[in-house]
Amino acid sequence: MKENVYDILERRGYIKQTVYKDDLYEMLGKGAVTFYCGFDPTADSLHIGHVIPLMVASVMQKAGHKPILLVGGGTAMIGDPSNRNDMRKMMTKETIADNVAKIRPQLERFVSFDGENGALLVNNADWLCKLNYIDFLRDYGAYLSVNKMLTADCFKTRLEKGLSFLEFNYMPMQAYDFLRLYEDYGCALEIGGNDQWSNILAGADFIRRVARKDAYALTCTLLETKDGKKMGKTQKGALWLDPQKTTPYEMYQYFRNVGDEEVENCLKFLTFLDLDEISVLCAHRDERINTAKKRLAFEVVKLIHGEDAAVKAQNETVAAFEGGNAEMPTANICAGADTLITDVMTEAKLCASKSEARRLIEGGGVRIDDVKVDNVYGKIGDYTKSNEFVLAKGKKVRLKVKF
């Protein structure tokens, strides 16, 4: 008997919340279910936090279910107020369209668009931008409870400082997305991150009220540290899936250095490794956990950027930290002996600003060829006579610099 995909997702820890669990479980066990997951193109790349719902979509597709990946070209014009202290910056239609085009190939790395249950890629701008507001209010306004919406977690923070009517319309628009996908494709399940629980639940409830049919909501566990903070944040910002924004080497380094207590969940959430293998890798919380971290880093980069990129990042790491620098990541910059070290660090993109570089130097965290940089106004020539050297930021970042 074929295993129910719900059991697979639950064992790996993906499922955070759902409704009508028994009915959903039965539906997933009977046959192919069409489900959807949405991504608003608020940037020109997805980030590591988006990977978990995409992994869930991949697992479900491999179990025979059909994914719809919705890119929110329409809802991005409104802006999701969830977990926001302020209103999102409004984007032009041209920016949104450009973001959609850049996100598309990233989505395609996780699901197949071929075969009987091949994924569909849709853009809610196709219907939301044509929606007649008066018709929408007449047809659906009676099914949307303002009192219920105001109790949603996604509005609580914004209510304290002022929730605009523009943002208030986000939840009805996302609920309408679910209804359209139900009517057009028979989509009966929406999945997403747990920070989207209120919006996803509103969509399932909307279908039950309007179409009087069953619809379901399922949210995924967020990628968090032990103390409940979101993972995937670096000094440079989010861990982006675009290799131009976060290089495969930087991605590798991030997961090579996650906390010991976070390795097991990361392996469950961000790789397809068998659970038994993960248990063996994470059986010990001593120096042997480093083997699990190396495997995690390799598998994540392989998943997002391909095996060649993972091998290259792995080799660069070995070169940087385990001897030799032939394959160490390299920055070629325009500089000279009189160039300030702070300028080198920003030019090589080791720091986002000169002030950050100065703070690192003051804290003793910068070295050139293993010589500590002890002067915030120090120049290249003060520490090396060569036009090629290894620049280290802290204990975990090493870069070969050529000028």
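Listed here are the residues, each with its yes/no results for (1) in a strand (DSSP E or B); (2) touching a residue at least 24 places away in the same chain (Cβ under 8 Å).
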{"position": "Gln17", "(1), (2)": "yes, yes"}
{"position": "Glu26", "(1), (2)": "no, no"}
{"position": "Gly38", "(1), (2)": "yes, yes"}
{"position": "Pro41", "(1), (2)": "no, yes"}
{"position": "Ser45", "(1), (2)": "no, yes"}
{"position": "Ile52", "(1), (2)": "no, yes"}
{"position": "Ala57", "(1), (2)": "no, yes"}
{"position": "Gln61", "(1), (2)": "no, yes"}
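Let's see how each residue does on (1) charged (D, E, K, R); (2) more than 25 Å from Ala320 (Cα to Cα):
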| position | (1), (2) |
| --- | --- |
| Arg256 | yes, no |
| Gly259 | no, no |
| Phe269 | no, yes |
| Asn290 | no, no |
| Arg295 | yes, no |
| Leu303 | no, no |
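Of everything in the stretch 89-127 that is touching a helix residue (DSSP H, G or I) at 6+ places or on another chain (Cβ under 6 Å) and aliphatic (A, V, I, L, M), the residue that is farthest from Asn169 (Cα to Cα) is Val111. Contact list please: Cβ distance under 6 Å, first residue in the stretch 117-133 and more than 17 Å from Asp98 (Cα to Cα), second residue in a strand (DSSP E or B) and of a type outside the set (A, V, I, L, M), pairs at least six apart or on different chains. If the second residue must be in a strand (DSSP E or B) and of a type outside the set (A, V, I, L, M), the pairs left are Asn117/Lys66; Ala119/Pro67.
Annotation note: of Thr42, Thr34, the sole residue that is surrounded by fewer than 21 Cβ atoms within 10 Å (Cβ to Cβ) and at pLDDT 95 or above is Thr34. Taking the stretch 194-209 as the range and being crowded, with 20+ Cβ neighbours inside 10 Å and either among the aliphatic types (A, V, I, L, M) or farther than 18 Å from Tyr143 by Cα (or both) as the test, the residues that pass are Gln196, Trp197, Ile200, Leu201, Ala202, Ala204, Ile207.
Take the residues of the stretch 339-365 that are assigned to a loop (DSSP other than H, G, I, E, B) and of a type in the set (A, V, I, L, M): which is most open to solvent (accessible area, probe 1.4 Å)? Walk me through how you get there before you give the answer.
We begin by selecting, within the stretch 339-365, every residue assigned to a loop (DSSP other than H, G, I, E, B); these are 339, 348-353, 363-365.
Checking the rest, the ones that are also of a type in the set (A, V, I, L, M) come to 348, 350, 352.
Numbers: Ala348: 17, Leu350: 16, Ala352: 78 Å².
My answer is Ala352.
The one condition from (1) of a type outside the set (Gly, Ala, Ser); (2) within 30 Å of Pro53 (Cα to Cα); (3) open to solvent by 80 Å² or more (accessible area, probe 1.4 Å) that Asp382 does not meet is (2). Can you find even one residue in the stretch 366-376 that is open to solvent by less than 20 Å² (accessible area, probe 1.4 Å) and either among the basic types (Lys, Arg) or not in a strand (DSSP E or B) (or both)? Checking the stretch 366-376: at least one residue is open to solvent by less than 20 Å² (accessible area, probe 1.4 Å) and either among the basic types (Lys, Arg) or not in a strand (DSSP E or B) (or both).
The values are calculated or read from the model by the stated rules, or taken from the named source; none is laboratory data. Just so it is clear, the structure is predicted and the values come from calculations on it, not from any experiment. Virtual Cβ from ideal backbone geometry, glycine too; neighbours counted across all protein chains shown. Just so you know, the surface numbers come from the protein's heavy atoms only, side chains and all, with ligands and any DNA or RNA stripped out. Shrake-Rupley method; radii C 1.70, N 1.55, O 1.52, S 1.80 Å.
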